[in-house]
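Peer 1: Below: one structure in structure tokens.
Here, each number is a calculation from the coordinates, and none is a lab measurement. Predicted model, so just to flag it, every value in this text is computed and none were measured. Every residue, glycine among them, receives a Cβ derived from its backbone with ideal geometry; neighbour counts consider all protein chains shown.
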Amino acid sequence: MEQTDAPDGWSLLAETDGAAALLDAALRLDPDEQYTSTELADAAGLTMKDLYLSDAPAMLADRGLFETAETDDGTVYRVDADSEAYEAAAMFAAALAE
């Protein structure tokens with residue numbers, strides 16, 4: 001197996017402040033709705049400062065969990081429930097809930 005410098009998914013979640021809480025929140029959000037950064041922070045139980053400093057929304061968007069769009073008020077996010085990241089997170093959450 002080839003070794004890379006890129007962190008694996010678990011390490012990335014563990015090393016990015018707020019990412020695990022945001023991933024958990026994404027599983028509870030409506031994929032048909034758009035959310036502001038403030039709404040994401042509230043859903044994840046994070047402060048806006050923590051969310052801003054961690055850059056977790058952008059990191060998770062880069063990996064397909066969120067789709068983003070720019071509006072006059074800033075970036076909005078929509079959960080991509082069809083993404084591999086979402087499906088894997090949902091399966092993991094379900095497995096632990098059993």
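Peer 1: Which one, PRO31, THR75, ALA56, is farthest towards the positive end of the dipole of segment 17-97 when Lys and Arg carry +1 and Asp and Glu -1 on their Cβ?
Peer 2: Result: ALA56.
Peer 1: Continuing with this model, one more query. Report, as a whole number in µm² per second, the diffusion coefficient that Stokes-Einstein gives for the chain at 25 °C and 0.890 mPa s using the Kirkwood radius over alpha carbon pairs.
Peer 2: Value of D from the Cα-based Kirkwood radius: 177 µm²/s.
Peer 1: In debye, nearest 20: dipole of the chain around its Cα centre with unit charges on the Cβ of K, R (+) and D, E (-)?
Peer 2: Using Cβ point charges on Lys, Arg, Asp and Glu, the chain gives about 260 debye.
Peer 1: I've got another one for you. Add -39500 (n - 2.57) for each DSSP H run of 4 or more in the chain, then divide by its residues: what number comes out at 222 nm, to the nearest 500 deg cm²/dmol?
Peer 2: -15000 deg cm²/dmol
Peer 1: Looking at the chain as a GNM with Cα springs under 10 Å, which of GLY18, GLY45, GLY74 has the largest mean-square fluctuation?
Peer 2: Of GLY18, GLY45, GLY74, the most mobile in the Gaussian network model is GLY74.
Peer 1: Give the residue list of GluC sites (Glu not before Pro) in segment 13-93 that are DSSP loop and have at most 16 other beta-carbon atoms within 10 angstrom.
Peer 2: Sites meeting the loop and neighbour criteria: GLU33.
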